[in-house]
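Participant: Structure provided below as structure tokens; questions to follow.
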Amino acid sequence: FGLKTKSTRIVFVLDRTGSMAAEMETEDLSTPTEEPPLESGKKMSPQEKSANAQARVLKKKYERLQVKTRLDALKKEFINTIYFLNSKVLFTVIWYEANQQPWKDQLVPATWKNKLDIIKETDKLQASGGTNVWGGLEYAFKLVSNPRRPDVVKIDKKGNYATQVNGADTIFLMTDGSHNSGKFVKSNTTGSESPTDREGIMAEIQKINRGRKVIINTVCLGSKRHADYGKPDDKLMEIIADASGGKFSHIRDK
């Protein structure tokens, strides 16, 4: 979606809610067709070659895809992103709707086997459920601040905090709606008012980020108000990116 990073430790937090089935036409998507260069001095095993070939078939399927829904747009862009990840990158994906469904509960290397696995899962993805943006983001923060093994824990000189040496340092957060499920949802809102407690979310992000700075890049997908799904909360995505030193991208409808 036009965002770039130099990070090699990434968590993708992606919306798979019911509103992703909403119709969408956009001219803001571009899909490179070239192949990623082979890394110097590295040969692929037969298993990796097979995974690469299968991933390439699915990538080409989405290169030809005419985007008709928000979910189409996500699949097209995300499969392309995964396909081009360098093998030095460690990553995982958290899908969210009212609940969170992590693809892996730890960062894994971007081997062709792992890339094919998440590309296949993305290809089969269906839209359903409410929108719990905070739930997905909160799960991603666990991969930053909650180390599980002593051998990857690093204590700062003053002993104020412990972090995962190889934990995520960059999050990509995407939504096409308003946060309306789980924590930080206002009660008794009017039809024109956002249901999201933006101030509560920002305060929690700032509190979590005191121990270790994590960049959150955000994407708002869609811009039109739909009768069944409402309007995307681009303001929330923009302030989350600004507060964390990240970048914001808004992919609009035609």
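Every number in this text was worked out from the coordinates using simple rules, so none of it is lab data. Just so it is clear, the structure is predicted and the values come from calculations on it, not from any experiment. All Cβ positions, glycine included, derive from the backbone under ideal geometry; neighbour counts span all protein chains shown.
Participant: With the crude spin-label approximation of a point 7 Å out along Cα→Cβ, what separation in nm comes out for Lys231 versus Lys60?
Facilitator: In this crude label model, Lys231 to Lys60 measures out at 4.3 nm.
Participant: Then there's this: Using the Cα gyration tensor of the range 34-137, with a ≥ b ≥ c the square roots of its eigenvalues, what is the shape: rounded (a/c below 1.5), prolate (a/b larger than b/c) or oblate (neither)?
Facilitator: oblate
Participant: Could I ask something else about it? Near Lys142, which aspartates and glutamates are there with a Cα under 20 Å away, not counting those fewer than 8 places off in the same chain?
Facilitator: Straight-line reach from Lys142, under 20 Å: Asp15, Glu97, Asp105, Asp151, Asp156, Asp169, Glu204.
Participant: Using 1/(1 + (r/R0)^6) with R0 = 30 angstrom and r between the beta carbons of Lys124 and Asp242, what's the FRET efficiency to the nearest 0.05?
Facilitator: Efficiency, rounded to the nearest 0.05: 0.30.
Participant: Can I ask one more? Is the range 56-104 best put as rounded, prolate or oblate by its Cα gyration tensor, with a ≥ b ≥ c the root eigenvalues, rounded for a/c under 1.5, and otherwise prolate when a/b is larger than b/c, oblate when not?
Facilitator: Oblate.
Participant: Which number gives the lysine pairs in the range 50-114 that have C-alpha atoms under 13 Å apart and are eight or more places apart or on different chains?
Facilitator: For the range 50-114, qualifying lysine pairs total 7.
Participant: Assuming 0.36 nm per residue, please report the length gained on full extension of the stretch Lys207 to Lys254 beyond their Cα-Cα distance.
Facilitator: Computed gain between Lys207 and Lys254 is 13.1 nm.
Participant: Now a separate question. Karplus couplings for the range 173-182 from phi (6.51 cos²θ - 1.76 cosθ + 1.60, θ = phi - 60°), rounded to Hz, Gly and Pro as x?
Facilitator: Here the 3J(HN,Hα) series is 10, 10, 9, 10, x, 9, 4, 9, 9, x Hz.
Participant: Around Ala22, what is the net charge, scoring Lys/Arg as +1 and Asp/Glu as -1 over all other residues with Cβ under 12 Å from its Cβ?
Facilitator: -2
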